[in-house]
Amino acid sequence: MSKIASLQAQLERKTARVPTPEPAPVVADTPQPAAATPRRVKVSSRDGKVHIGAYLPEGFQTSILAVRAQTREDVQTLLARALNDLFKAHNVPVIDHE
């Protein structure tokens, strides 16, 4: 018997299972409530907004944090202003983000 056949035979012996009887179903006296399905809750502050993201080199995060420290503005405001500057440069409509 080859080495592979021997290994296969051992594997089959190890994984051979003896069927076990199934346990009897448990009958409850009171009806069980149906499991609640998880729902996504939409935060009202996000109504009418979409997520725009990107994976960028770490230096972008460092620079954004530095600008945040100087301006005391949140990331959304900084990115909206930067995107509007991009839109102006390409002559496309600017978005009012306020």
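The values are calculated or read from the model by the stated rules, or taken from the named source; none is laboratory data. Quantities reported herein were computed from a predicted structural model and do not represent experimental measurements. Positions of Cβ are backbone-derived with ideal geometry, glycine not excepted, and every protein chain shown enters the neighbour counts. We work out accessible area using only protein heavy atoms, side chains counted, and drop any ligands, DNA or RNA first. Shrake-Rupley method; radii C 1.70, N 1.55, O 1.52, S 1.80 Å.
Any chance segment 55-63 includes a residue that's at pLDDT 75 or above, among the acidic types (D, E) and in a helix (DSSP H, G or I)? First the steps, then the outcome.
Let us first name the residues in segment 55-63 that are at pLDDT 75 or above, namely 55-63.
From what's left, among the acidic types (D, E): 58.
Still in the running and in a helix (DSSP H, G or I): 58.
Checked against the condition, which is being at pLDDT 75 or above, among the acidic types (D, E) and in a helix (DSSP H, G or I), segment 55-63 yields at least one hit.
Within segment 45-57, is even one residue surrounded by 10 or more Cβ atoms within 10 Å (Cβ to Cβ), among the charged types (D, E, K, R) and under 20 Å from the mean Cα position of the chain (by Cα)? Yes: segment 45-57 contains one or more residues that are surrounded by 10 or more Cβ atoms within 10 Å (Cβ to Cβ), among the charged types (D, E, K, R) and under 20 Å from the mean Cα position of the chain (by Cα).
Taking A69, is it modelled with pLDDT of 85 or more, in contact with a His (Cβ under 7 Å, 6 or more places away or on another chain) and either hydroxyl-bearing (S, T, Y) or part of a helix (DSSP H, G or I) (or both)? Even if it seems obvious, please write down each step before you answer.
Numbers: modelled with pLDDT of 85 or more: yes; in contact with a His (Cβ under 7 Å, 6 or more places away or on another chain): no; either hydroxyl-bearing (S, T, Y) or part of a helix (DSSP H, G or I) (or both): yes.
Against the criterion (modelled with pLDDT of 85 or more, in contact with a His (Cβ under 7 Å, 6 or more places away or on another chain) and either hydroxyl-bearing (S, T, Y) or part of a helix (DSSP H, G or I) (or both)), A69 does not qualify.
The set of residues in segment 58-78 that are hydrophobic (A, V, I, L, M, F, W, C) and open to solvent by 80 Å² or more (accessible area, probe 1.4 Å) comprises F60, L65.
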